[in-house]
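The values are calculated or read from the model by the stated rules, or taken from the named source; none is laboratory data. What you see is a predicted model; the values in this text were computed from it and never measured. Methodologically, a virtual Cβ is constructed for each residue, glycine included, from the backbone with ideal geometry; neighbour enumeration extends over all protein chains shown. For accessibility, only protein heavy atoms count, side chains too; no ligands or nucleic acids. Shrake-Rupley method; radii C 1.70, N 1.55, O 1.52, S 1.80 Å.
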Amino acid sequence: MDFLFLLLKGLLIGLIIAFPCGPVGLIYIKRATTDGFFAGFFSGLGIVFADIFYAIALIFGYLKILTIFNDKKKILIIISSLFLIALGYIIFQDKHKKLFPTETKNPKTLLGFFLSSFFITIANPIVVVQFTFFFSLFKVFNLNDIKSYVFLISGIILGSLFWPILTSLILPKIGRRLPASKLNNFQKIIGLLIIFSGCVFALRALI
């Protein structure tokens, strides 16, 4: 029963942390809508892997990780902001000439989607703060054994995967019904929002 309870705690943490909000969430919402299931899923998977990295790092090296991020916080935010601004510009400039978007299945392209989401999330110290808060809230920092952590992390993985799978199944169907003009307008709005978010994060870090 205790292990099942830990699995449910992890599931809830994963669902909350991986909810597609903010600029990184916008990135894989855009990719799922305009480029299909695999583009959205692999973009979301990059975020999930980054989240799992942080979860494991905090569980087994809590104080060290916080120290590193406190020391390098501004640099990491600026790097993440520059990634966002560049990616937002690329999305803004991209145009779909066909009436219906085509499914992106090229392995190199999908790997690029995965890595871009992964590194933007990794360079975002806010994720550390989020995990620290929820780990403290659910009292999972000082568990008894490795098996307990395995159940907790398994729950986080399952919860985090829920959103990429859901959005990547639903949004491509919406994207295929949109005419090219509306799809391009959608991309431009997403691109501008991502650029704006990157600029705001960079200014906050510098100020």
Next item on the list: Restricting attention to segment 44-76, report how many residues are more than 25 Å from Leu161 (Cα to Cα), at pLDDT 75 or above and touching a helix residue (DSSP H, G or I) at 6+ places or on another chain (Cβ under 6 Å).
Entry: 1
Next item on the list: Would you mind telling me which numbered condition in (1) open to solvent by 40 Å² or more (accessible area, probe 1.4 Å); (2) modelled with pLDDT under 85 Val140 fails?
Entry: (1)
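Name the one entry in Leu115, Leu87 that is surrounded by 21 or more Cβ atoms within 10 Å (Cβ to Cβ) and either of a type in the set (A, V, I, L, M) or at pLDDT below 85 (or both). Explain how you work it out, then say what you get.
Numbers: Leu115 fails: surrounded by 21 or more Cβ atoms within 10 Å (Cβ to Cβ).
Testing whether each residue is surrounded by 21 or more Cβ atoms within 10 Å (Cβ to Cβ) and either of a type in the set (A, V, I, L, M) or at pLDDT below 85 (or both) leaves just Leu87.
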Next item on the list: Scan segment 119-135 residue by residue and report those that are over 19 Å from Lys74 (Cα atoms) and open to solvent by 40 Å² or more (accessible area, probe 1.4 Å).
Entry: Phe133
Check: Among the residues of segment 166-207, how many are open to solvent by 70 Å² or more (accessible area, probe 1.4 Å) and touching a Phe, Trp or Tyr at 6+ places or on another chain (Cβ under 7 Å)?
Finding: 3
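Mind telling me which of the residues Thr132, Thr121 ends up being under 14 Å from the mean Cα position of the chain (by Cα), within 19 Å of Phe19 (Cβ to Cβ) and of a type in the set (Ser, Thr, Tyr)? Reasoning before the result, please.
Values: Thr132 fails: under 14 Å from the mean Cα position of the chain (by Cα).
After ruling out the rest, the residue left standing is Thr121.
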